[in-house]
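The block underneath contains the structure these notes are about, expressed in structure tokens.
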Amino acid sequence: LAEIWLAYTHFRMGMIDLVLTELDSIQNKKLNRQQLFLINNLLAEISIEQDSLENVYNYYELAAKYASSNSKKTSIYGKLVKIAEKKNNKLRASDYLEELVKVAPDKIRIDSKMQWLIYQRELGQYDKIINEIGSLLGLSEFQAEYIKLELELGKIYIDKEEFNIAKDILLQLVEVYSK
């Protein structure tokens, strides 16, 4: 474990070649989950420095796999979502948002699901979203999001060019939330 932290220190000092050599010698040893988490996290950070996007994704995914707590997984998946969004990869961002929903606390989970719905609409996954919104409207934890969910549903039917259904949804929204 001390060797991994030393490698992290060398990384922070900009000594990437040395770090890779150190990690090479460490990886021949029997490693526990915490050590594998740290090594993959470090390799992801090195991949960011080397602008190797596919490796960034792969190493962070491995780090999440070895993470010992949901808070660590939340952190990793949050990073992956930001990276995918920065690269305008909505499909990959959607996948990471789904993983984030599984491990994050309430507020982050709800926000992640709402962002996932937006990306799915932009990707044209209308039927998938309609089913998901139907499920979410039945969950009490999404009660504060009902108006957004119903509005999103209306937008989906507009995108699908099913204007009568969209009109009914939007008129119902206006009636229920006229205040």
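The values are calculated or read from the model by the stated rules, or taken from the named source; none is laboratory data. Since the model is a prediction, treat every value here as computed from it, not as a measurement. Every residue, glycine as well, gets a Cβ built from its backbone with ideal geometry; the counts of neighbours run over all protein chains shown. Side chains included, ligands, DNA and RNA excluded: accessible areas come from the protein's heavy atoms. Shrake-Rupley method; radii C 1.70, N 1.55, O 1.52, S 1.80 Å.
Worth pointing out:
- Which numbered condition Gly124 misses (of (1) assigned to a helix (DSSP H, G or I); (2) open to solvent by less than 60 Å² (accessible area, probe 1.4 Å); (3) more than 30 Å from Ser69 (Cβ to Cβ)): (1)
- Across the stretch 166-179, the qualifying residues are those that are exposed (fewer than 15 other Cβ atoms within 10 Å of the Cβ) and not polar (S, T, N, Q), and the one among them that is modelled with the lowest pLDDT is Lys179.
- Residue in the stretch 129-149 that is exposed (fewer than 13 other Cβ atoms within 10 Å of the Cβ), in contact (Cβ under 8 Å) with a residue 12 or more places away in the chain and within 28 Å of Asp51 (Cα to Cα) present: no
Listed here are the residues, each with its yes/no results for (1) in contact with a helix residue (DSSP H, G or I) (Cβ under 7 Å, 6 or more places away or on another chain); (2) open to solvent by less than 60 Å² (accessible area, probe 1.4 Å); (3) among the aromatic types (Phe, Trp, Tyr).
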{"position": "Ile4", "(1), (2), (3)": "yes, yes, no"}
{"position": "His10", "(1), (2), (3)": "yes, yes, no"}
{"position": "Asp24", "(1), (2), (3)": "no, no, no"}
{"position": "Leu36", "(1), (2), (3)": "yes, yes, no"}
{"position": "Ile46", "(1), (2), (3)": "yes, yes, no"}
{"position": "Leu62", "(1), (2), (3)": "yes, no, no"}
{"position": "Glu85", "(1), (2), (3)": "yes, no, no"}
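- Test: residue in the stretch 96-105 that is among the hydrophobic types (A, V, I, L, M, F, W, C) and open to solvent by 70 Å² or more (accessible area, probe 1.4 Å): no
- With respect to the conditions (1) among the acidic types (Asp, Glu); (2) modelled with pLDDT under 95; (3) open to solvent by 60 Å² or more (accessible area, probe 1.4 Å), Glu54 lacks only one, and its number is (2).
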